[in-house]
Amino acid sequence: MMTPLILPIFLPHLGCRQHCLFCNQKATATEVPSPQSVREFIEASLRHFSSRPGERERQVAFYGGSFTAMSLEDQVSYLKEVQPFLSSGRIDSIRLSTRPDALNEETLATLKKYGVKTVEIGVQSMLDEVLILSKRGHGANDSASAILRLKHWGFEVGVHLMIGLPGDTCDYFLRSLDRIVDLRPDFVRIHPTLVLRGAPLEELWRNGEYSPLSLDEAIQSLKKGMLKLEKASLPLARIGLQPTKELEEHLVAGPFHPALHQLVDSAIFHDMAEDLLRNHPNGSKPVFVCHPKDLSNLKGQRNENLQRLKNRFKLSDIFIFSHKDVGRGDLGLQTKEGEVLIERKWLD
Ligand code: SF4
């Protein structure tokens, strides 16, 4: 399935009832566009996109605040501006992000009426103690109820989770994921907690009351989470925040990496290669087989995976054949007899 072409409109902190500990939406965008400027923005974006090939679904997305926590009147004033584009077929649908405790039945009926297809909710954790420490102002049961009610109304549901919040652990994160898997949203996004300038968390960090995850700790947690989602066939839409100029300017500390998803994929491939070599020692020049699109995942950034495997197993060389008949995410190791042993980590 092709991912939609998203035209993002950022409404920093609009509708927010309090300031969550980790958040500073100014790190994403600084100005709040008025409803009237939305139409102009969509026109300009469509002009930019019209030259691109493909038939991807086009969605206008309202991100960066708590859309459904605004007054119904304000919500409608933004949604109305998209209606001419929906009627003419130049835009297919609308998506928005919001809080799980701001989705009453009247709101859901309004979103349906105005062509909203996808609702992404900031769940962050399914552990109440983590939510309290993060000053979220809602509980895990609000999130569970929101997911179920959104599904009941026929919306596509996205869930945002975070790792490394105050009071969180890798085990808590995996327990949160288990609950989310049971609730079956349509996709999940996972963001490591970053210390952003201007977010309340910055002060805790400066006082030594909060330590962010290291990049390696984040990768280890994300690796476990990603395998869990793969096993449950629950799509992972994104890992980590989009690298932007604003984010770079506001980033103070934390496990940020512009290619975090790829680092996690590489860590999984490293583990698979290690398992294969440990269980099937086969000389000092092993031959791996993978899909062409997994080649860089197997090698790792700057060939780091290959170097670590060479050191660990005292290999003089590693050969890799890539072939499109190998499944994405699978890794093969050729035996002396020419047979290929396949490791499929998430199907263990
Ligand atoms: S995390 Fe969401 S609800 Fe909390 S302050 Fe940021 S935009 Fe508002």
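The values are calculated or read from the model by the stated rules, or taken from the named source; none is laboratory data. These numbers were taken from a predicted model, which means no experiment stands behind them. For neighbour counting, all protein chains shown are included, and Cβ atoms are generated from backbone atoms with ideal geometry for every residue, glycine included. Keep in mind that these areas ignore ligands, DNA and RNA; they rest on the heavy atoms of the full protein, side chains included. Shrake-Rupley method; radii C 1.70, N 1.55, O 1.52, S 1.80 Å.
A count restricted to the stretch 85-102 and to residues that are within 13 Å of the ligand (Cβ to nearest atom) and either touching a strand residue (DSSP E or B) at 6+ places or on another chain (Cβ under 8 Å) or open to solvent by 40 Å² or more (accessible area, probe 1.4 Å) (or both) stands at 6. The condition (being open to solvent by 50 Å² or more (accessible area, probe 1.4 Å) and at pLDDT 95 or above) is satisfied by just one residue among 328, 308: 308. Look at the stretch 128-141: where a residue is more than 14 Å from residue 102 (Cα to Cα) and away from the ligand (no atom under 14 Å from the Cβ), no partner that is open to solvent by 20 Å² or more (accessible area, probe 1.4 Å) and modelled with pLDDT under 95 sits 6+ places away or on another chain with Cβ atoms under 8 Å.
Every condition in (1) more than 18 Å from residue 326 (Cα to Cα); (2) assigned to a helix (DSSP H, G or I) is met by residue 296 except one, and the failing one is (1). Among the numbered criteria (1) exposed (fewer than 14 other Cβ atoms within 10 Å of the Cβ); (2) at pLDDT 95 or above; (3) within 15 Å of residue 343 (Cα to Cα), which single criterion is violated by residue 203? Result: residue 203 passes all but (3). Each residue in the stretch 4-31 was checked for being in a loop (DSSP other than H, G, I, E, B), modelled with pLDDT of 85 or more and either open to solvent by 60 Å² or more (accessible area, probe 1.4 Å) or within 12 Å of the ligand (Cβ to nearest atom) (or both), and 12 of them qualify.
Is it true that some residue in the stretch 55-64 is among the polar types (S, T, N, Q) and either under 15 Å from residue 119 (Cα atoms) or within 25 Å of the chain's Cα centre (by Cα) (or both)?
yes
Say whether the condition of being assigned to a loop (DSSP other than H, G, I, E, B), surrounded by fewer than 18 Cβ atoms within 10 Å (Cβ to Cβ) and touching a helix residue (DSSP H, G or I) at 6+ places or on another chain (Cβ under 8 Å) is met by at least one residue in the stretch 146-165. Checked against the condition, which is being assigned to a loop (DSSP other than H, G, I, E, B), surrounded by fewer than 18 Cβ atoms within 10 Å (Cβ to Cβ) and touching a helix residue (DSSP H, G or I) at 6+ places or on another chain (Cβ under 8 Å), the stretch 146-165 yields at least one hit. Checked against the criterion of being at pLDDT below 95, open to solvent by 30 Å² or more (accessible area, probe 1.4 Å), farther than 24 Å from residue 32 by Cα and more than 14 Å from the ligand (Cβ to nearest atom), the stretch 57-67 has at least one qualifying residue.
I'd like to know if the stretch 113-127 contains one or more residues that are closer than 28 Å to residue 240 by Cα, assigned to a loop (DSSP other than H, G, I, E, B), within 11 Å of the ligand (Cβ to nearest atom) and out of contact with any Asp or Glu (no Cβ under 8 Å at 6 or more places or on another chain). Within the stretch 113-127, not a single residue is closer than 28 Å to residue 240 by Cα, assigned to a loop (DSSP other than H, G, I, E, B), within 11 Å of the ligand (Cβ to nearest atom) and out of contact with any Asp or Glu (no Cβ under 8 Å at 6 or more places or on another chain).
Filtering the stretch 238-245 for residues that are at pLDDT below 95, assigned by TED's automatic domain parsing to the domain that holds residue 133, loosely packed, with under 14 Cβ neighbours inside 10 Å and under 20 Å from residue 123 (Cβ atoms) leaves a non-empty set. Applying the criterion of being of a type outside the set (Ser, Thr, Tyr) and touching a helix residue (DSSP H, G or I) at 6+ places or on another chain (Cβ under 8 Å) to the residues of the stretch 279-298, the residue that is nearest to residue 330 (Cα to Cα) is 290.
Tell me, please, whether a residue that is in contact with a helix residue (DSSP H, G or I) (Cβ under 6 Å, 6 or more places away or on another chain), assigned to a helix (DSSP H, G or I) and more than 16 Å from the ligand (Cβ to nearest atom) can be found in the stretch 73-84.
Yes, the stretch 73-84 contains a residue that is in contact with a helix residue (DSSP H, G or I) (Cβ under 6 Å, 6 or more places away or on another chain), assigned to a helix (DSSP H, G or I) and more than 16 Å from the ligand (Cβ to nearest atom).
All conditions in (1) open to solvent by less than 50 Å² (accessible area, probe 1.4 Å); (2) modelled with pLDDT of 75 or more; (3) within 21 Å of residue 83 (Cβ to Cβ) hold for residue 39, with the sole exception of (1).
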